[in-house]
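The values are calculated or read from the model by the stated rules, or taken from the named source; none is laboratory data. Bear in mind that the values here come from a model prediction, so they are computed numbers and not experimental data. Note that we place each Cβ from the backbone using ideal geometry, even for glycine, and neighbour counts take in every protein chain shown.
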Amino acid sequence: MIAAATPRLAKFAVSAERHDAVFIGVGMGAIPGIGLAGEDQPGVWDALEFIAALKSGEAAVQQAVAGAAVAVIGGGNTSIDVVTQAARAGAAKTWLLYRRGPKEMSAYAHELELARQHGTELLCYATPTRVLGPALGSGRAARVRGLEYSHRGPTAQGSGAESAAAVLAADLVVRATGQKGAGLTPQLPIKTQNGVVQVDQWGRTSDPRYYAGGDCTSGGQEVVHAVRDGKRAAVAIVRDILLPRAGAAHHQQGETGERTGDSADARGGR
Ligand SMILES: Cc1cc2nc3c(=O)[nH]c(=O)nc-3n(C[C@H](O)[C@H](O)[C@H](O)COP(=O)(O)OP(=O)(O)OC[C@H]3O[C@@H](n4cnc5c(N)ncnc54)[C@H](O)[C@@H]3O)c2cc1C
């Protein structure tokens, strides 16, 4: 059943059959759509794809970013990476649109400061409502025609909040609204919660054949945590599977040795 889902899953299923333990370190999945009108057109990016394309020096995306106005949706560290990378790649303007207030942003304060140093304009209480198209150009070099959003702010009387619609002259729109959770794991026989694999402190999942670590178990931390998880799971695999097996083999060898001894004695004519 698993094998039918995707070729990658087939490999995992085969692994579990042929191996005593499988370590899952698939990270978090892509950033899903947010239901924004017009988000399916070229010129609208998943933050991770955008960063990867820029860092790998992809010509089409560099062409799209140079001199462009880039609107980034989100309030975490990934959104900061996008605005700083875009600015370094020659974007003329970058905005960060966040639906709540600055205190609620999950980005570290020093990361936000870095974004500001790169000229980013922070728009809080801003909810994107529509990407304007049709896109100009095609594929990964395409640009959109703007981003409509609603902005909530205090009323003139200083109380409550009122909404106003506005349009940003954005050429590119980037979603940095959080990864979904590894797409693979719900189809394996292990417990997950909101797409995050449930493990104990040694990386043991709910199925004794599977161990896991890194972002797919934490929901997203840093490289150092993923490395630590891999080491812990390796220790657990040795303790849970290899040592008991070595002990059993040793025990069996001992028994065989005794029998050999017996027969040697017998051969010795005692
Ligand atoms: C934009 C951004 C910036 C970051 N910056 C930093 C930073 O500066 N410093 C820092 O320490 N951390 C940073 N992090 C966090 C860091 O990248 C992660 O914590 C770390 O990479 C997690 O490691 P991992 O091995 O769990 O997952 P990943 O590094 O995501 O690796 C998972 C791998 O599994 C592969 N994979 C997925 N599904 C399958 C499958 N079905 N079969 C086979 N392979 C599969 C993926 O292609 C990927 O190669 C950043 C994260 C983001 C999103």
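Can you tell me which residues in the stretch 195-210 are at pLDDT below 95 and closer than 21 Å to Val224 by Cβ?
Val196, Val197
Can you give me the ranges of the strands (runs of 3 or more DSSP E) entirely in the stretch 46-144 with at least 3 residues that are in contact (Cβ under 8 Å) with a residue 40 or more places away in the chain and out of contact with any Pro (no Cβ under 9 Å at 6 or more places or on another chain)?
Qualifying strands (runs of 3 or more DSSP E): 69-73, 126-132.
Check Val174 against each of (1) assigned to a loop (DSSP other than H, G, I, E, B); (2) within 16 Å of the ligand (Cβ to nearest atom) and name the one condition it does not meet.
With (1) assigned to a loop (DSSP other than H, G, I, E, B); (2) within 16 Å of the ligand (Cβ to nearest atom) applied to Val174, the lone miss is (1).
Could you list, in sequence order, all residues of the stretch 209-223 that are assigned to a helix (DSSP H, G or I) and either within 6 Å of the ligand (Cβ to nearest atom) or touching a residue at least 24 places away in the same chain (Cβ under 8 Å) (or both)?
Selection gives Asp215, Cys216, Val223.
Kindly indicate whether Ala109 is under 13 Å from Leu168 (Cα atoms) and of a type in the set (Gly, Ala, Ser).
no
Looking at Thr120, is it of a type in the set (Val, Ile, Thr), within 16 Å of the ligand (Cβ to nearest atom) and at negative phi?
Against the criterion (of a type in the set (Val, Ile, Thr), within 16 Å of the ligand (Cβ to nearest atom) and at negative phi), Thr120 qualifies.
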